Amino acid sequence: MAKMSPLRLLLIVTGSTLRAEEMDRPLGYYLKRRLEEAMASGVTPAAAAAGPRPGGGRVLDLSDYQVRVVADFRWIHDEFLQGLPTISLGGPGVNALSHRWLEEVPISLAYNERYFIQMDPDLTEPRASIWGMDNPATQIAVSVFLDRFLERFLERCASVPATSFDADDEGEGDADIELDEDDE
């Protein structure tokens, strides 16, 4: 068995339908880029927007996180991934994880039945589902999440310890995650 170093991963899960691959996966990479920018700065978005303050604003230690975009069925069938901070992107009609979380994760924001952000208000588990009735509405939902919910979500992620795992040769619990810098 090969022992890997502890990882801090945040996953963005998109659907694996053709429509989701075409519309939601590129949006997932946009969200990934925005998350990486926020994590690299170490300052929560609201603190950064507010400008310098006495005490320097809220600083989070997220620099060691890696953000990955993965398919819904990969997440569903890999138990290791299910324990990681996760953002599901795309509606329940195109993303099996969004469909699974539809009844499990509370709705934090619903706008005119056009877009939805689901997230436990206490963030007991660091997971969120962002989706709209169509791709333009999903894009709006992502923008709203970044503006209104990202800070709390990242604060919760900062408290999640690194995860260690054994990579085994038999494929069970397989966490075959590439650790390169550019996964696009």
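Does A141 satisfy the criteria of being at pLDDT 90 or above and of a type outside the set (V, I, T)?
Yes: the conditions hold for A141.
Anything in segment 132-154 that is in contact with a helix residue (DSSP H, G or I) (Cβ under 8 Å, 6 or more places away or on another chain) and over 18 Å from L10 (Cα atoms)? List them, or say none.
Across segment 132-154, the qualifying residues are G132, N135, T138, Q139, D147.
Consider only pairs whose beta carbons are under 9 Å apart and that are at least six residues apart or on different chains; among these, list those whose first residue lies in segment 6-26 and is free of Cβ contacts under 8 Å to residues at least 40 places away in the same chain and whose second residue is in a strand (DSSP E or B).
Sorted first by the residue in segment 6-26, then by its partner, the pairs are E21/T14; E21/A71.
Residues R58, R19, R8, R33: which one is at pLDDT 95 or above and basic (K, R)?
Criteria check complete, one pass: R33.
Those residues that are in contact (Cβ under 8 Å) with a residue 12 or more places away in the chain and farther than 16 Å from F153 by Cα, I need them from segment 117-138; list them, please.
Those that are in contact (Cβ under 8 Å) with a residue 12 or more places away in the chain and farther than 16 Å from F153 by Cα: W131, G132, M133, N135, A137, T138.
Enumerate the helices (runs of 4 or more DSSP H) found wholly within segment 81-169, keeping only those where 2 or more residues are among the charged types (D, E, K, R).
Passing ranges, in order: 150-158.
Residues that are at pLDDT 95 or above and out of contact with any strand residue (DSSP E or B) (no Cβ under 8 Å at 6 or more places or on another chain): does segment 123-134 have at least one?
yes
Report whether or not N112 is modelled with pLDDT of 95 or more and either in contact with a Ser or Thr (Cβ under 6 Å, 6 or more places away or on another chain) or under 23 Å from R74 (Cβ atoms) (or both).
no
The values are calculated or read from the model by the stated rules, or taken from the named source; none is laboratory data. Every value quoted in this text rests on a predicted model; they were computed, and no experiment measured them. Here Cβ is always computed from backbone atoms with ideal geometry, including for glycine, and neighbour counts include all displayed protein chains.
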